[in-house]
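The values are calculated or read from the model by the stated rules, or taken from the named source; none is laboratory data. Because the structure is predicted, anything quoted here is derived from the model rather than measured. Positions of Cβ are generated from backbone atoms using ideal geometry, with glycine treated the same way; all protein chains shown enter the neighbour counts. Each accessible area value is taken on the protein alone, full model and side chains, heavy atoms only, with ligands, DNA and RNA left out. Shrake-Rupley method; radii C 1.70, N 1.55, O 1.52, S 1.80 Å.
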Amino acid sequence: MGTTGVAIVGCGNIAQRYAADLAAYSEIELLGAQDAIPGRAETLTAAHGGRAYATLDELLADPRVDIVVNLTAHKAHYEVIRRSLEAGRHVHSEKPLALRYEEAAELVALADERGLRLGSAPATFLGESQQTVLKLLREQAVGRVRLVYAEVNWGRIEVWHPEPVGFYEVGALFDVGVYPLTIATAALGPARRVTAFAATLRPDRTRLDGTPFTLSTPDYVVAGLEFDGGVQLRLTCDFYVDGHNTRQHGMEFHGDDGSLLLHGWHDFDGRIELSAFREPPQPVTPLREPYRGVEWGRAVRDLAAAIREDRPHRATGRQAAHVVEILCAARTSYEKGGTVELTSTFDPPAPMDWAV
Ligand SMILES: NC(=O)c1ccc[n+]([C@@H]2O[C@H](COP(=O)([O-])OP(=O)(O)OC[C@H]3O[C@@H](n4cnc5c(N)ncnc54)[C@H](O)[C@@H]3O)[C@@H](O)[C@H]2O)c1
């Protein structure tokens, strides 16, 4: 069986991590990369292999490209995905799939129409700790789950990222709220309604180079979600509190018989604890030795294998579009008040083979 040809669009911060993973998979060939800023694709391909394409059109004209991996800035996602699908390419995109639900739904429909695969981050639900938690939930290890807490205290992007403004334009909800929402929807299925509140805690920020900028999107959002069967989820997202300096992090699944705590929804080796009701928590060993941190290429590898094996891929555009609907509904709720009903749905992702 031949290799799957992959090309990266967007050669910024996270592209280094993806390229290192993709270049290491023997069944994937990293053909090259492209970026809107001259020189960036050259730097990435010099380090990880492949060629630098001058434009997206040039990349899409390369017949060896099977999958486009879209790692552009948030506001470019929709356009890059649409053009890639229209050119007949499968796509895996960084999150969020799009910034408006109508656009996300349009991309899902376009992929379906063309018989193409659309995959999306975040795919941290494919991690060892997250897959272990999903299996425990399938097995009702804490009985019927009625309440979930998801905490995203993601600190201050400007203290480490050279280009933080795009992250603040979309805000903590759209940038990082997607992580626990993707794990929660993988566990519980589609959400049904959302009610949210937001505020701006610290509007004036300073880039690494000392230049100031002012936030236009809230840096603090609290959303209440209801799932089928009445399961409630409380999501907290902010770009203010450092995750190491709070006891509020990760996800908690509370059921009739006990509680299951996932101390990090991000890293694949997040600590897990399980407790029977009113009993002390016990550590849980993941189903297999966890990857340390995040294996960014795992979802692309699964997508490539799914295409070869003619089976569904796990990190789907349809689930990502549902998560975008949740994000947009939360924004409507905190801007206009009231509860917003959701309509979209998706098939739950299959567990990894080692987590069945
Ligand atoms: N940095 C991280 O730790 C991290 C982690 C997980 C996910 N992500 C996601 O990855 C994506 C990129 O984040 P980043 O931190 O790498 O951002 P970044 O700003 O460092 O890089 C984005 C790159 O995309 C390029 N770009 C923008 N529009 C383009 C277009 N139309 N065509 C081609 N190139 C274009 C920019 O020139 C830039 O090089 C975002 O969606 C983000 O949510 C980032």
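Across region 242-297, what is the number of residues that are in contact with a strand residue (DSSP E or B) (Cβ under 6 Å, 6 or more places away or on another chain), in a loop (DSSP other than H, G, I, E, B) and either hydroxyl-bearing (Ser, Thr, Tyr) or without any contact (Cβ under 8 Å) to a residue 24 or more places away in the chain (or both)?
Looking only at that region, the number is 4.
Just a yes or no: is a residue in region 309-326 open to solvent by 70 Å² or more (accessible area, probe 1.4 Å) and more than 21 Å from the chain's Cα centre (by Cα)?
Checked region 309-326: at least one residue is open to solvent by 70 Å² or more (accessible area, probe 1.4 Å) and more than 21 Å from the chain's Cα centre (by Cα).
Can you work out which of the residues in region 1-25 that are β-branched (Val, Ile, Thr) and open to solvent by less than 70 Å² (accessible area, probe 1.4 Å) is farthest from the chain's Cα centre (by Cα)?
THR4
Out of the residues in region 233-290 meeting the condition of being of a type in the set (Asp, Glu) and closer than 30 Å to ASP204 by Cβ, tell me which one is modelled with the lowest pLDDT.
Step by step, filter region 233-290, then rank; the result is ASP242.
On the given criteria, is VAL194 closer than 20 Å to ALA320 by Cα, within 14 Å of the ligand (Cβ to nearest atom) and of a type in the set (Val, Ile, Thr)?
Here the answer is no, as VAL194 does not meet what is asked.
Quick one: which residue in ARG83, ARG89 is closer than 21 Å to ALA121 by Cβ, of a type outside the set (Ser, Thr, Tyr) and within 10 Å of the ligand (Cβ to nearest atom)?
Of the residues listed, the single one that is closer than 21 Å to ALA121 by Cβ, of a type outside the set (Ser, Thr, Tyr) and within 10 Å of the ligand (Cβ to nearest atom) is ARG83.
Looking at this structure, is PRO162 within 16 Å of the ligand (Cβ to nearest atom) and in a loop (DSSP other than H, G, I, E, B)?
It is true that PRO162 is within 16 Å of the ligand (Cβ to nearest atom) and in a loop (DSSP other than H, G, I, E, B).
How do the helices (runs of 4 or more DSSP H) wholly within region 26-120 filter down when requiring 3 or more residues that are modelled with pLDDT of 95 or more and open to solvent by 40 Å² or more (accessible area, probe 1.4 Å): which remain?
Here the list reads 40-48, 77-86, 101-114.
For region 201-239, how many residues meet the condition of being loosely packed, with under 15 Cβ neighbours inside 10 Å and of a type in the set (Ser, Thr, Tyr)?
Here the count works out to 4.
If we keep just the residues of region 60-80 that are touching a Lys or Arg at 6+ places or on another chain (Cβ under 9 Å) and touching a residue at least 24 places away in the same chain (Cβ under 8 Å), which is nearest to PRO122 (Cα to Cα)?
HIS74
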